[in-house]
Amino acid sequence: MVMTIARRRILARVALAGVATLWVALPLVWVLDSSIKPRRDQYRPAVIPWHDFEPTAAHWKEHLGHPQLARALGTEQQLLAEENARHQGAPMTIELPGDQP
């Protein structure tokens with residue numbers, strides 16, 4: 001089987017696209033895999049959940065339940081609401097939990 005120049009170029013492009021996909025996808029898989037591992041397994045070469053380690057959502061709960069994150073998200077919502085109210089001509093404020101009067 002003789003490969004033409006056009007066919008070699010297509011094969012090279014497909015190979016390059018495959019390498020680029022792996023270059024981008026593998027770090028994302030690693031991050032997601034590390035986010036569900038217990039702390040003791042973070043640097044162990046365990047890859048397959050429920051086979052090599054028992055997955056946990058402790059990291060997600062720890063970070064998503066942090067009070068500063070909730071305050072930051074609430075502040076962003078308040079800023080958006082105020083911006084909306086300014087465009088509509090009506091004053092609007094949102095009380096955040098823990099705000100001092």
- Among (1) surrounded by 10 or more Cβ atoms within 10 Å (Cβ to Cβ); (2) at pLDDT 75 or above; (3) not in a loop (DSSP other than H, G, I, E, B), the one test that LEU73 misses: (2)
- Please work out which residue is surrounded by the most Cβ atoms within 10 Å (Cβ to Cβ), limiting yourself to the stretch 4-57 and to residues that are at pLDDT below 80 and assigned to a helix (DSSP H, G or I). ASP41
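The values are calculated or read from the model by the stated rules, or taken from the named source; none is laboratory data. Quantities reported herein were computed from a predicted structural model and do not represent experimental measurements. Virtual Cβ from ideal backbone geometry, glycine too; neighbours counted across all protein chains shown.
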